Amino acid sequence: MTEIIKVNPSMPEKAKIRRAAQLLSQGKVVAFPTETVYGLGCNAFDEDAVEKVFKAKGRPSDNPLIVHIGSKRQLPILVSGISEKEKKLIDAFFPGPLTLIMNKTGIVPYATSGGLETVAIRMPKHKVAQAILKEAGIPIAAPSANISGRPSSTTAEHVISDFMGRVDAIVDGGKSRIGLESTVVDASTSEILRPGGITKEEIEKVIGRVEISTASTNKSPGMKYRHYAPSAKVILFTGRKKAIQEYADRLMKSKKVGVISIYHSFRADEARHAGNSLHEYARSIFALFRELEEKVDVILVEGVEEKGIGIAIMNRLRKAASEIV
Ligand code: TXA
Ligand code: MG
């Protein structure tokens, strides 16, 4: 049985927050909203609970979880020493869509850190997430709330469709505002391991030059896996507008075709013009994957400029695509 806890995202009801926090303290698995995507949470110190999260997601055990905190006071319990750069990033982006990789203390189980000596830490800004984290008082390990390899969840309905009957509770707090996961940063090497909700430019304003690590050098275990993919085949277009319509026209002779676009409109069985800014595109891309996979065989996606949040959007689209044109 999965309990659905529907909360008011701008004014979370105390009793409901208390219920979610109580379940987490008891070692239960509870999905909850953050401003990036929904997370599938459990007590980060409880190896059995962590095990349940890996199992529910079908996630390889070498791919570590992010530990979410409700207060910066929890940091010294989880990490051994905070560098100058890390301190600056924490001051600038906690709470927010930033995850920092830091050296873990002995208290953080290897089950949570995927066997690594480091741990990923994030303090989300979403009111519901903050309320639950503060009420529970324990750090909450939470990967994105999707079956491994599927598009991340940006609404409770997405979480329900992946996890109904397989987790203890799902907190419904509406739509995630950003729609893409947090930016994962290793400040010790000045690297972005996963582009996300905070841009490279924003990070560089705080700690100076950083590099986005490439696939071959990436130290983030999660980046080697295929990701974010709907069940329909995804074709990503990085070039001219004309190619998309040509593909759509040709494929529609034998298949149901969907198009997700930002700059132009197209004719297809299911055409979605997804917003007028990169932020709107980011917010809707995973939801559109999940909507269109029910309706079409192939999804053609218009790529964006790799600038600002566009870097994170293209990172997700490349991983979801089985063909890039
Ligand atoms: O926005 C987000 O980050 C969401 C919300 C729920 O907080 N969470 C999320 O978690 O996206 P997940 O598990 O789907 O992605 C975490 C990423 C993975 O690529 C993982 O490999 C990496 O962070 N990671 C975690 N711990 C790490 C570590 N110690 N060293 C390097 N990479 C790590
Ligand atoms: Mg994920």
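A few remarks follow.
- Subset tally (residues that are within 13 Å of ligand 1 (Cβ to nearest atom) and out of contact with any strand residue (DSSP E or B) (no Cβ under 8 Å at 6 or more places or on another chain)) for segment 71-93: 1
- Residue check for Tyr228: outside the structural domain of Ala312 (by TED's automatic domain parsing) and either buried (at least 16 other Cβ atoms within 10 Å of the Cβ) or under 29 Å from the mean Cα position of the chain (by Cα) (or both): yes
- Residue in segment 7-15 that is touching a strand residue (DSSP E or B) at 6+ places or on another chain (Cβ under 7 Å), modelled with pLDDT of 95 or more, away from ligand 1 (no atom under 15 Å from the Cβ) and among the hydrophobic types (A, V, I, L, M, F, W, C) present: yes
- Residue within segment 85-96 that is out of contact with any Leu (no Cβ under 9 Å at 6 or more places or on another chain), more than 16 Å from ligand 2 (Cβ to nearest atom) and not in a helix (DSSP H, G or I) present: yes
Yes/no per residue for (1) among the hydrophobic types (A, V, I, L, M, F, W, C); (2) within 12 Å of ligand 1 (Cβ to nearest atom); (3) at negative phi; (4) at pLDDT below 95:
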site	(1), (2), (3), (4)
Gly165	no, no, no, no
Ile192	yes, yes, yes, no
Thr199	no, no, yes, no
Ser213	no, yes, yes, yes
Tyr247	no, no, yes, no
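- Test: residue in segment 181-189 that is at pLDDT 95 or above, of a type outside the set (Val, Ile, Thr), touching a strand residue (DSSP E or B) at 6+ places or on another chain (Cβ under 8 Å) and within 16 Å of ligand 2 (Cβ to nearest atom): yes
- Counting the residues of segment 1-34 that are in contact with a Phe, Trp or Tyr (Cβ under 8 Å, 6 or more places away or on another chain) and among the aliphatic types (A, V, I, L, M) gives 2.
- Only one entry in Leu278, Leu292, Leu251 is over 25 Å from Glu201 (Cα atoms), within 21 Å of the chain's Cα centre (by Cα) and not assigned by TED's automatic domain parsing to the domain that holds Thr154, namely Leu292.
- Among the residues listed as Glu135, Glu181, the single one being away from ligand 1 (no atom under 14 Å from the Cβ) and either of a type in the set (Asp, Glu) or in a helix (DSSP H, G or I) (or both): Glu135
- Residue in segment 198-205 that is in the same structural domain as Ile121 (by TED's automatic domain parsing), in a loop (DSSP other than H, G, I, E, B) and of a type outside the set (A, V, I, L, M) present: yes
- Looking across Thr112, Thr118, Thr155, Thr189, one residue alone is closer than 26 Å to Pro230 by Cβ and polar (S, T, N, Q). It is Thr155.
- Residue under evaluation Phe286, criteria (1) at pLDDT below 95; (2) in contact with a Pro (Cβ under 8 Å, 6 or more places away or on another chain), criterion not met: (1)
- Taken over segment 28-77, the criterion of being surrounded by fewer than 19 Cβ atoms within 10 Å (Cβ to Cβ) and either hydroxyl-bearing (Ser, Thr, Tyr) or part of a strand (DSSP E or B) (or both) is satisfied by Ser61, Ser71.
- Inside segment 284-325, residues that are within 21 Å of Thr36 (Cα to Cα) and polar (S, T, N, Q) make up a count of 2.
- Top-ranked residue of segment 27-70 - restricted to ones that are of a type in the set (Ser, Thr, Tyr) and within 15 Å of the chain's Cα centre (by Cα), ranked as farthest from ligand 1 (Cβ to nearest atom): Tyr38
- Gln245, sole failed condition from (1) away from ligand 2 (no atom under 16 Å from the Cβ); (2) buried (at least 18 other Cβ atoms within 10 Å of the Cβ): (2)
- When Glu135, Glu157 are screened for being surrounded by fewer than 24 Cβ atoms within 10 Å (Cβ to Cβ), of a type outside the set (A, V, I, L, M, F, W, C) and touching a residue at least 24 places away in the same chain (Cβ under 8 Å), only Glu135 passes.
- Count - residues of segment 305-319 that are assigned to a helix (DSSP H, G or I) and surrounded by fewer than 23 Cβ atoms within 10 Å (Cβ to Cβ): 6
The values are calculated or read from the model by the stated rules, or taken from the named source; none is laboratory data. Keep in mind that this is a model prediction, so the values were computed, not measured. We place every Cβ from the backbone using ideal geometry, glycine too, and count neighbours over all the protein chains shown.
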